[in-house]
Amino acid sequence: MRDEIRKIQELMEAAEYVTDAPVATSVHLAMRLRKPLLIEGHAGVGKTEVAKVMARMLGTQLIRLQCYEGLDAGTALYEWNYQKQLLHIKLHESSGRSAKEEEREIFSEEFLLRRPLLQAITQEQSPVLLVDEVDRADEEFEAFMLEVFSEWQVTIPEIGTIKATHPPYVILTSNRTRELSDALRRRCLYLWIDYPTYDKEIRIIERKVPGINHRVAGELARFMESLRRMRLAKVPGVAETLDWAHALAGLHADHLDETLVSETIGCVLKDADDIKRFRAEVQKSGVASFLHISG
Amino acid sequence: MARSLAAAMARFGALLRRQGLPVTPIQVTDGVRALDHLDLADRNEVYLGLRAVFVGRPEDVPTFDRAFDMFWRATTEADAVAEALMPALPEEAPATERESPRESLALDAWGEDGVDEGDEPLGVPAASEREAMATQDFATFSPDQLDAVYRLTVQIARRLARRISRRRRPSARRGRLDLRRTLRANLTRGDLIDLRFRRRKRRKVRLVLLCDVSGSMDLYSRFLLQFLFALQSVFSRVETFTFSVHLTRVTEYLRTRSYREVLRRLTAVRDWSGGTRIGESLAEFNRRWPGLVDRRTIVIILSDGWDTGDPETLAAELLRIKRRAGRVIWLNPLLGNPSYEPLTRGMAAALPLIDQFAAAHNLAALRTLAGTLRL
């Protein structure tokens, strides 16, 4: 294994992020090849976390662009501060300056509202740009973003062209609620993060919830593994595991039993039907069945 | 060495392409560049690195794995790598059809019969015939009339699409400054105080279609799909599923140019044997694609409600959809018949849970439907 990749793994672990070779390799290549990294996976498997850790690792700023339906170029790039411009004009009404001067002034950087994409290309040091849940944005926005990514420059008619001196590292995340375009996929490195394996989940629990009993951590990981095999409407992610672990640590639990589970299952199952289904399953075969993997 | 690596990577790219992955020259270049940053002695690392470069979606991983194993045959020592890179590949890839796996998958899902009928002339029925056509039940057209009805369907849908997208309203809330309106609003004041905004980009509605393609329903499903496909620019997204015994996501297949061709094949997949399992199909939808439905989504189910499954499952799963969706519309072509009553167990279980119950048995019904596809 490359030293750099090992180093990334160590740095990520030091930044409280439990990682594995696929994640570290992808991050390494994304930084070296200077390509955007597209991360997909179920909700709650730690996609966003990768960007945060990357920023911490590089000692640089994290700039986040949260996507939603209807997000447009203006909101993502820049807008003029209309109110401030109008106030400014009003305040200087009697100063007798020409309209031209006035115009130059109100269309200067002072009146520019920098949105995440513009922020990302005007930094002193390459930041990490996190484009979160890109699948929620419309396809037109995807195309617009690709355009920005290919040049790393933006033209504002009143000011001129701004070109990034330090282009950002880009991480995109998607929950796959919609298929992203092939154009976007082709321009990115790709990483699929699945639910953690049993061992990885134990490591995550013990890393993030230091007060937890070792046995409970093991049982929890096993339990989650069984839960995820059930047909649930909302399959619990790692965030849910950690909530549960925190709760159990707070209760000083030293093992999982039926009462404890039924009192705290709300930490991981957040859908009434799922809980009903879970309780029926427990009635039928007991909590113990969740602690053994049947195969 | 560098050159042979590049050549090997190009061959690897060609192999992937033959296996159906859409590999671009840029990806090949990236592959070469990636090797610079990877430990060539570590097979797993090379694998993970190249996977990040060449694979764009999880479904492609098995294909990539096979190609990788084929190409980068076992080698663990650094010296052996260059050697392994160079000759390895047999020029002819093991027999795969020319079609990519996804295409053939599409064909599987839609049945055989890939006869290409080419582009048909754009004949459109005369105006006098059109109104008669609009109110005639789809099922009563003769096969040779169907093409004309199709074209009319598309025509109507396009016209509707244009009309709908023209509708825009000013807004009191934030968005871009609407200069003209602002000036007018402040004319009497001599000052620009009261700002007017143009509404933020209109958030379009998303559609999720679940079409019954069993028995007699497939004809109606085809018309509905055709109609909504032509209307799709009005929506932010149209996700399409078909079901009879099982649920199939067909969104991707329908995105191709040969949409109509694909649609026509729908008739080939009649599933007379198993009956319809709406409840189970909805359950599968809820389980596998929970993220597709939200408050901005209209869910449309087209079925006659002849469910051979358990009505309770149907009710429970439909409720689950209803809770998340903006609106649930159930289309039942039988409703076009005045004497029809929704008495089947499935339909009876579903009725209390749906927001809108409509026909969709002819063009007029589809046109009415289009007018209601708003939130």
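The values are calculated or read from the model by the stated rules, or taken from the named source; none is laboratory data. Remember, it's a predicted structure, so these values are computed and weren't measured experimentally. A quick note on method: Cβ atoms are made from the backbone with ideal geometry, for glycine too, and the neighbour counts reach across all protein chains shown.
Could you tell me which residue of segment B:16-29 is farthest from the other protein chains (Cβ to nearest Cβ), considering only residues that are crowded, with 21+ Cβ neighbours inside 10 Å and farther than 17 Å from B:Arg66 by Cα?
Once the filter is applied, the top-ranked residue is B:Val28.
Does B:Gly13 meet the test of being within 11 Å of chain A (Cβ to nearest Cβ), surrounded by 16 or more Cβ atoms within 10 Å (Cβ to Cβ), at pLDDT 90 or above and assigned to a helix (DSSP H, G or I)?
Spelling it out, it is not the case that B:Gly13 is within 11 Å of chain A (Cβ to nearest Cβ), surrounded by 16 or more Cβ atoms within 10 Å (Cβ to Cβ), at pLDDT 90 or above and assigned to a helix (DSSP H, G or I).
In segment A:14-33, which residues are farther than 20 Å from B:Ala41 by Cβ, in contact (Cβ under 8 Å) with a residue 12 or more places away in the chain and in a helix (DSSP H, G or I)?
Those that are farther than 20 Å from B:Ala41 by Cβ, in contact (Cβ under 8 Å) with a residue 12 or more places away in the chain and in a helix (DSSP H, G or I): A:Val23, A:Val27, A:Ala30, A:Met31, A:Leu33.
For residues that are surrounded by fewer than 16 Cβ atoms within 10 Å (Cβ to Cβ) and either at the interface with another protein chain (Cβ under 8 Å from one of its Cβ atoms) or of a type in the set (Ser, Thr, Tyr) (or both), tally how many sit in segment B:37-61.
3
Whether any residue in segment A:171-181 is within 14 Å of chain B (Cβ to nearest Cβ), of a type in the set (A, V, I, L, M, F, W, C) and assigned to a strand (DSSP E or B) is what I want to check.
yes
Against the definition (surrounded by fewer than 20 Cβ atoms within 10 Å (Cβ to Cβ), in contact (Cβ under 8 Å) with a residue 24 or more places away in the chain and either closer than 21 Å to A:Met57 by Cβ or of a type in the set (Val, Ile, Thr) (or both)), how does A:Ile171 come out, yes or no?
Taking the combined requirement at face value, the residue does not satisfy it.
Give the number of residues within segment A:65-85 that are under 15 Å from the mean Cα position of the chain (by Cα), surrounded by 17 or more Cβ atoms within 10 Å (Cβ to Cβ) and in a loop (DSSP other than H, G, I, E, B).
Number of matching residues: 1.
Return only the number of the condition from (1) among the charged types (D, E, K, R); (2) in a helix (DSSP H, G or I); (3) buried (at least 18 other Cβ atoms within 10 Å of the Cβ) that B:Arg367 does not satisfy.
It fails just one condition, (3).
Could you tell me whether any residue of segment A:49-64 is touching a strand residue (DSSP E or B) at 6+ places or on another chain (Cβ under 7 Å), at the interface with chain B (Cβ under 10 Å from one of its Cβ atoms) and crowded, with 18+ Cβ neighbours inside 10 Å?
no
Filter segment A:165-183 for residues that are among the hydrophobic types (A, V, I, L, M, F, W, C) and modelled with pLDDT under 90 and give the result.
Across segment A:165-183, the qualifying residues are A:Leu180, A:Ala183.
Might you check whether a residue that is at pLDDT 90 or above, crowded, with 16+ Cβ neighbours inside 10 Å and under 30 Å from A:Met12 (Cα atoms) occurs anywhere in segment A:270-288?
no
Looking only at residues that are farther than 13 Å from B:Ala34 by Cβ and touching a strand residue (DSSP E or B) at 6+ places or on another chain (Cβ under 6 Å) in segment A:1-39, which one is nearest to the other protein chains (Cβ to nearest Cβ)?
Out of the qualifying residues, it is A:Leu38.
Output yes when any residue across segment B:280-303 is part of a helix (DSSP H, G or I), away from chain A (no Cβ under 12 Å), surrounded by fewer than 21 Cβ atoms within 10 Å (Cβ to Cβ) and at pLDDT 80 or above, and no when none is.
Scanning segment B:280-303 turns up no residue that is part of a helix (DSSP H, G or I), away from chain A (no Cβ under 12 Å), surrounded by fewer than 21 Cβ atoms within 10 Å (Cβ to Cβ) and at pLDDT 80 or above.
Which residues, counting only those in segment A:120-147, are in a strand (DSSP E or B) and either of a type in the set (Val, Ile, Thr) or more than 21 Å from the chain's Cα centre (by Cα) (or both)?
A:Val128, A:Val131
Going by the conditions given, is A:Glu140 out of contact with any Asp or Glu (no Cβ under 7 Å at 6 or more places or on another chain) and of a type in the set (D, E, K, R)?
yes
So A:Leu117 ticks every box in (1) within 22 Å of A:Val148 (Cβ to Cβ); (2) within 14 Å of chain B (Cβ to nearest Cβ); (3) assigned to a helix (DSSP H, G or I) but one. Which box is left unticked?
(2)
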